[in-house]
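Working notes for the structure below.
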Amino acid sequence: MELSGAEIVIQCLKEEGVEFIFGYPGGAVLHIYDALFSQQDVQHILVRHEQGATHAADGYARSTGKPGVALVTSGPGATNAVTGIATAYMDSIPMVVLTGQVPSPFIGSDAFQEVDTVGITRPCVKHNFLIKNVHDIAATFRKAFYLATSGRPGPVVIDIPKDVTDPNVKIPFSYPKKIKMRSYNPVAKGHLGQIRRAIELMLNAERPVFYTGGGVVLDDASKQLVDLVRKLGYPITSTLMGLGAYPGSDKQFLGMLGMHGTYEANMAMHETDVLIAIGARFDDRVTGQVASFCPNATIIHVDIDPSSISKNVRVDVPIVGPVKKVLSDMLGVLDESGGEPKSAALKRWWKQIDEWRGADCLKYDRNSKIIKPQFAVETLHRVTKGDAFVASDVGQHQMFAAQFYQFDKPRRWINSGGLGTMGFGLPAGMGIQMAHPQAEVAVVTGEASIQMCIQELATCKQYNLPLKIMLLNNGYMGMVRQWQEFFYDGRYSHSYVDSLPDFVKLAESYGHVGMKIEKPEDLEGAMKEAFGMKDRLVFMDVVIDPAENVYPMIEAGKGHHEMYLSPGSELV
Amino acid sequence: MRHIISILLENESGALSRVAGLFSARGYNIESLTVAPTEDATLSRMTLVTRGDEAIIEQITKQLNKLVEVVKLLDLSDGPHIEREMMMIKLKAENGQRDEVLRLVEIFRGKVVDVTDTTFVVELTGKSAKLDAFIKAAQEESVVEVVRSGPLGIARGSKGLKL
Ligand SMILES: Cc1cc2nc3c(=O)[nH]c(=O)nc-3n(C[C@H](O)[C@H](O)[C@H](O)COP(=O)(O)OP(=O)(O)OC[C@H]3O[C@@H](n4cnc5c(N)ncnc54)[C@H](O)[C@@H]3O)c2cc1C
Ligand SMILES: Cc1ncc(C[n+]2csc(CCOP(=O)(O)OP(=O)(O)O)c2C)c(N)n1
Ligand SMILES: [Mg+2]
């Protein structure tokens with residue numbers, strides 16, 4: 001089979017089983033667009049901004065576990081994609097981004113729409129390639145998909161000069177079955193001796209706690225995690241990125257930990273004697289002040305990336321390996337050993353935890369006459385029976401969604417944690433809906449965040465994506481306002497979101513349904529109506545209490561035991 | 001602590017900038033870096049000198065290993081090893097000074113590799129400290145130009161850093 005470079009690009013995508021490619025055309029990728037035109041296998045979704053393409057590919061990836069693919073042109077197309085690439089990089093999301101490049105002979109000449117894409121993206125990709133020859137396309141794609149999806153996943157950029165896709169140069173095509181890279185060998189299993197040591201420590205623990213993260217979701221290891229945690233009967237907390245890997249409604253689950261984590265989760269971290277960290281990277285939003293992090297604990301850490309281990313916090317038992325395999329080996333070793341947890345100590349530990357739980361740290365005013373964001377998220381949970389995919393933007397609404405939508409399944413909570421990218425929610429929701437056409441997909445957002453990628457409402461119209469957008473409209477960059485209230489004596493410098501559009505009319509002008517909801521008693525009915533419109537995108541502008549803050553809160557750089565629990569409260 | 005790290009990496013354009021970029025992006029020290037292809041033309045060998053406490057060096061080696069183009073890595077400071085650096089130094093050597101310069105070159109076991117009426121170019125190999133000492137001995141006002149390779153390193157013993 002003789003194919004042009006452009007046709008080979010499409011053929012490679014087919015070989016990799018790519019269903020959708022989110023993209024935006026331009027000069028450098030016109031040959032590829034022409035090849036896309038004459039085929040049906042790979043469906044191209046035309047976004048309205050390249051940032052949207054990368055976030056949509058990212059949402060697709062997070063909700064399916066398969067790599068998301070985006071296609072953008074050179075120069076501004078590539079630079080617009082960078083935010084989405086960095087977002088995926090920080091959260092270890094498998095993605096392949098194809099960028100057009102000026103023809104090879106022009107590279108380095110400041111040609112029209114030339115940027116050094118490989119250079120610009122180098123620090124925010126797992127790896128990137130510049131293809132120099134049409135003969136290299138197939139092997140490069142094979143490598144790119146392999147790199148993006150194996151080991152610690154991440155985005156891979158393939159920069160393709162226009163001449164490489166020349167329709168007039170045809171070469172024989174075959175896709176490499178296997179790829180070997182001598183310099184890249186992700187670990188397939190954890191060290192058994194270390195696993196035995198870990199199990200021994202775990203069985204001798206008196207105040208153990210599991211601290212799990214995005215790695216469990218990325219490796220689809222929920223089942224193994226639930227088996228192990230239930231078997232031991234230990235408490236478990238999760239990072240923002242790991243929510244849903246362990247059922248949020250389970251009694252052993254303490255809620256999220258960290259800056260906006262629950263009192264019980266953070267106190268358990270502070271008092272634990274054996275911390276079992278699984279697929280989590282000890283982020284500063286989680287550890288707070290490192291010096292007072294888990295002061296009494298022996299730390300076990302399972303992670304596939306050696307550089308995650310002992311990066312921010314020294315650990316005692318490092319286990320380098322994929323979560324799923326390590327957890328199932330742990331289960332095996334546990335069975336073999338016939339050992340049992342220390343039941344008396346564990347009972348005492350749970351009693352202590354139940355006391356902490358008694359503080360009811362997520363309480364809020366349920367009789368409020370203005371809609372509370374917490375109430376809105378709880379209502380969303382009720383109306384969707386806790387089974388929706390929830391994509392979020394960044395801010396207070398994100399934290400409320402994380403705290404109040406008890407995720408029971410993995411890959412349902414889709415948000416930008418590491419980079420905290422406003423504008424992520426709506427396009428990510430599109431990727432999720434493309435992958436799961438029958439599922440209910442909610443986008444929780446703020447009036448500031450939504451305006452960062454609002455143009456994608458047109459994409460939703462074009463492809464009939466019936467997202468349900470729940471805008472928690474507090475008129476402020478709430479998260480910024482909260483910090484200004486706490487740490488800048490209420491000087492609300494430029495955090496008021498003035499001159500808001502009429503979101504109902506805006507939604508309608510894009511051909512969608514708009515709703516404005518102002519009273520708590522109207523919320524559930526309106527939301528039911530919205531979710532009842534199975535084939536329409538509904539934009540719910542929910543007017544909420546502008547003064548609400550996210551609690552609990554640990555001030556940046558403070559320890560887990562120093563939390564603000566409620567308005568006006570002292571540190572506890 | 002000063003560490004000297006040997007790296008085998010794919011001999012591809014871009015590999016070097018990934019290493020250099022890693023150091024600047026993560027705020028690590030880089031004292032010197034030398035790189036050239038090996039006997040296997042698909043591989044380059046890099047010698048990198050850096051400084052940091054134990055935790056930082058651990059992160060540096062882990063982050064380097066994580067780069068897709070890094071094939072193998074060895075922290076030479078972990079064991080006995082040999083370090084050599086090469087220098088070419090252009091010295092003023094006018095009438096009356098020439099003998100003195102030649103004597104210095106001899107003491108340091110250097111070689112004169114270029115001669116003009118007024119200058120010598122001296123080639124000198126050794127530990128970095130020896131090169132420092134030579135520059136000092138040569139006196140500032142007579143030094144016209146200095147070019148140094150940065151240290152190269154190899155482990156002692158029969159084992160080699162190979163694929
Ligand atoms: C406004 C805002 C507030 C936030 N507040 C909080 C907060 O209160 N609490 C909180 O937890 N976070 C919070 N975050 C998120 C925070 O910034 C980090 O993104 C998050 O804590 C990181 O989660 P993680 O440790 O699970 O790591 P991830 O980024 O999910 O990393 C996954 C880890 O698992 C490893 N891994 C990947 N695949 C595998 C595999 N197959 N096997 C083994 N290991 C694997 C990776 O190497 C990595 O170390 C907040 C973010 C924002 C934007
Ligand atoms: C692209 C980008 N710019 C700036 C920020 C800093 N930031 C974090 S939260 C936030 C405010 C978000 O406001 P809104 O979307 O209304 O959400 P709210 O906090 O009010 O729920 C800002 C500006 C960011 N995270 N991302
Ligand atoms: Mg807001």
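All of the numbers you see were taken from the coordinates with simple rules; none came from a lab. Model, not experiment: these values are computed from the prediction. FYI the Cβ positions are ideal-geometry reconstructions off the backbone, even for glycines, and counts take in every protein chain you see.
Here is how the numbers come out for the structure above:
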{"item": "Flag if A:Val156 is within 24 Å of B:Val71 (Cα to Cα) and either touching a helix residue (DSSP H, G or I) at 6+ places or on another chain (Cβ under 9 Å) or among the small types (Gly, Ala, Ser) (or both)", "result": "yes"}
{"item": "Subset of segment A:382-404 (residues that are within 15 Å of A:Met540 (Cα to Cα) and part of a helix (DSSP H, G or I))", "result": "A:Val383, A:His397"}
{"item": "Residue match in segment B:27-41 (condition: at the interface with another protein chain (Cβ under 9 Å from one of its Cβ atoms) and not acidic (Asp, Glu))", "result": "no"}
{"item": "All positions within segment A:299-318 that are in contact with a strand residue (DSSP E or B) (Cβ under 6 Å, 6 or more places away or on another chain) and within 14 Å of chain B (Cβ to nearest Cβ)", "result": "A:His301, A:Pro306, A:Ile309, A:Val315, A:Pro318"}
{"item": "Residue match in segment A:408-419 (condition: assigned to a loop (DSSP other than H, G, I, E, B) and more than 16 Å from ligand 1 (Cβ to nearest atom))", "result": "yes"}
{"item": "Residue match in segment B:121-138 (condition: in a loop (DSSP other than H, G, I, E, B), over 20 Å from B:Glu85 (Cβ atoms) and in contact (Cβ under 8 Å) with a residue 24 or more places away in the chain)", "result": "no"}
{"item": "Only one of A:Glu524, A:Glu562 that is in contact with a Lys or Arg (Cβ under 9 Å, 6 or more places away or on another chain) and surrounded by fewer than 19 Cβ atoms within 10 Å (Cβ to Cβ)", "result": "A:Glu524"}
{"item": "Helices (runs of 4 or more DSSP H) within segment B:1-111 that include 1 or more residues within 18 Å of the chain's Cα centre (by Cα) and of a type in the set (Gly, Ala, Ser)", "result": "B:15-25"}
{"item": "Residues within segment A:519-546 that are among the aliphatic types (A, V, I, L, M) and without any contact (Cβ under 8 Å) to a residue 60 or more places away in the chain, tallied", "result": "1"}
{"item": "Qualifying position, being within 16 Å of ligand 3 (Cβ to nearest atom), among the aliphatic types (A, V, I, L, M) and under 23 Å from A:Met422 (Cβ atoms), among A:Leu457, A:Leu500, A:Leu465", "result": "A:Leu500"}
{"item": "Unmet requirement for A:Glu485, which otherwise passes all of (1) within 14 Å of ligand 3 (Cβ to nearest atom); (2) closer than 19 Å to A:Ile517 by Cα; (3) crowded, with 16+ Cβ neighbours inside 10 Å", "result": "(2)"}
{"item": "Output for segment A:279-293, where each listed residue is assigned to a loop (DSSP other than H, G, I, E, B) and without any contact (Cβ under 8 Å) to a residue 40 or more places away in the chain", "result": "A:Phe282"}
{"item": "Verdict on A:Val313 being touching a residue at least 12 places away in the same chain (Cβ under 8 Å) and either in a loop (DSSP other than H, G, I, E, B) or within 16 Å of ligand 2 (Cβ to nearest atom) (or both)", "result": "yes"}
{"item": "Every residue from segment A:449-475 that is within 12 Å of ligand 2 (Cβ to nearest atom) and either within 14 Å of another protein chain (Cβ to nearest Cβ) or in contact with a helix residue (DSSP H, G or I) (Cβ under 9 Å, 6 or more places away or on another chain) (or both)", "result": "A:Ser449, A:Ile450, A:Met452, A:Cys453, A:Ile454, A:Met470, A:Leu471, A:Leu472, A:Asn473, A:Asn474"}
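Okay, residues lined up against (1) in contact with a strand residue (DSSP E or B) (Cβ under 8 Å, 6 or more places away or on another chain); (2) within 16 Å of ligand 2 (Cβ to nearest atom); (3) away from chain B (no Cβ under 14 Å); (4) not polar (S, T, N, Q):
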{"residue": "A:Val320", "(1), (2), (3), (4)": "yes, no, no, yes"}
{"residue": "A:Val323", "(1), (2), (3), (4)": "yes, no, yes, yes"}
{"residue": "A:Gly332", "(1), (2), (3), (4)": "no, no, yes, yes"}
{"residue": "A:Ser343", "(1), (2), (3), (4)": "no, no, yes, no"}
{"residue": "A:Lys351", "(1), (2), (3), (4)": "no, no, yes, yes"}
{"residue": "A:Ala359", "(1), (2), (3), (4)": "no, no, yes, yes"}
{"residue": "A:Asp365", "(1), (2), (3), (4)": "no, no, yes, yes"}
{"residue": "A:Lys385", "(1), (2), (3), (4)": "no, no, yes, yes"}
{"residue": "A:Gln398", "(1), (2), (3), (4)": "yes, yes, yes, no"}
